[in-house]
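Working notes, beginning with the structure itself.
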Amino acid sequence: MTNMHRGIPFSTALRTGRRQALAERAGRLVSATWFSVLVMTAIVANAALLGVETYAGLAVRWQEQLSLLEHCFLAVFAGEVVLRAAAHADRPGDFFRNPWNVFDAAVVLFAFLPVTGDNTTLLRLLRLFRVLRTARFLPQLRVIVTALGKCLPGTASFVMVGTLLLYVYAMVGWLCFAAADPQHYGSLGRAVVTLFILMSLDGLGDAVHAGLLVSPWSLAYYGSYVLLSSFLLVNLLIGVVINSLEQARDSDRSEKKADGGTGSETVPEKSAQDADPLDALGVRDRILAARLALDDAERLIQISRSDSR
């Protein structure tokens, strides 16, 4: 039965087949190890080029050569994005579901905008963002970058709690020490800066000594502040980061399982036979069969003994 008889136009089926073939060929290309090594080498070389341009003498002397290399790197990165998009030709929406694809496409696309070409600072910032793409090809670094993104909501809560703590203790410090120590507590802003520095325990001894000259209760003030800011809040932030790191690792494992262990960015899963050599030789099945045979033999012996009695 032809595609027309099935209700599918022949031209539509032909286009679908071509897209699938294109996606398959491009997918094999971008998942190859040499392709990842090539792109990674281009990213590192581009970072080295940015460093060379910071030397005024070299930048002026080799201006044309450096500009040519920059255009070559841009062409390589643009070709990479096109190939990755072609790997999703049969399902274009999947290309934008990967945040790394969106980031790569945005960095390359902005480099072609006229506004970017006229602004040297913005162009260099965009070129600097290309260095961050190394995280795509390094699994552990990719997990850390993902964890940093996942810890932003928790970090925002941490900043709110820290700001509230600083405000309360700054107001108390202004009320208690403004007259005796106007240099550090003469205003709310100065008090906040002083307490923020004390959060790192830098100058804590001098602050406590100066506070004891005003009131012995200053020891409780500084002690409670250090306990809450330097120990409780810091441990809270560490807990948020560790929790986000675990979530990023779980997300990375789930993506690898969803990809079926194919591609250069995933680690292929071992088959059941590779995981257990006994299953590869069929030893477990033979042992199970032997146990069942022994059970049957023992049952028959018990029946024969009962009959003989």
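FYI, it's all coordinate maths here, none of it is from the lab. On a predicted model such as this, the values are computed, not experimentally measured, just so you know. Quick reminder, even Gly has a Cβ in these numbers, built from the backbone with ideal geometry, and neighbours come from all protein chains shown.
For residue 25 and residue 159, what does the FRET efficiency come to when R0 = 51 Å and r is the distance between their Cβ atoms, rounded to the nearest 0.05?
It comes to 0.60.
In the calculated pair distance distribution of region 193-244, what percentage of Cα-Cα distances lie above 13 Å?
For region 193-244, the fraction of Cα-Cα distances above 13 Å is 60 percent.
Loop-only chymotrypsin sites (Phe, Trp or Tyr not before Pro) in region 41-90, please: DSSP not H, G, I, E or B, and at most 14 other Cβ atoms within 10 Å.
The qualifying sites are 55.
For residue 246 and residue 293, compute 0.36 nm times the residue count separating them, minus their Cα-Cα distance, and round to one decimal in nm.
My answer for the length gained is 12.1 nm.
So for region 34-99, considering every pair of alpha-carbon atoms, how many percent are separated by more than 14 Å?
So the portion of pairs separated by more than 14 Å is 66 percent.
Under the √(5λ) rule applied to the eigenvalues of the Cα gyration tensor, what semi-axes describe the equivalent ellipsoid of region 174-216? Give them in Å, descending.
Here the semi-axes work out to 15, 14, 7 Å.
Would you mind computing, in nm to one decimal, how far apart the modelled labels at residue 98 and residue 61 are, each placed 7 Å from Cα along Cα→Cβ?
Going by the 7 Å Cα→Cβ label model, 4.2 nm.
Using the beta-carbon distance between residue 144 and residue 50 and R0 = 25 Å, what value does 1/(1 + (r/R0)^6) give for FRET efficiency, to the nearest 0.05?
Given R0 = 25 Å and the Cβ-Cβ separation, E is 0.65.
Expressed in nm to one decimal, what extension gain is obtained for the pair residue 69 and residue 193 from 0.36 nm per residue of sequence separation less their Cα-Cα distance? Let's see the in-between values first.
On the way: separation 124, 0.36 × 124 = 44.64 nm, distance 4.65 nm.
Full extension from residue 69 to residue 193 adds 40.0 nm.
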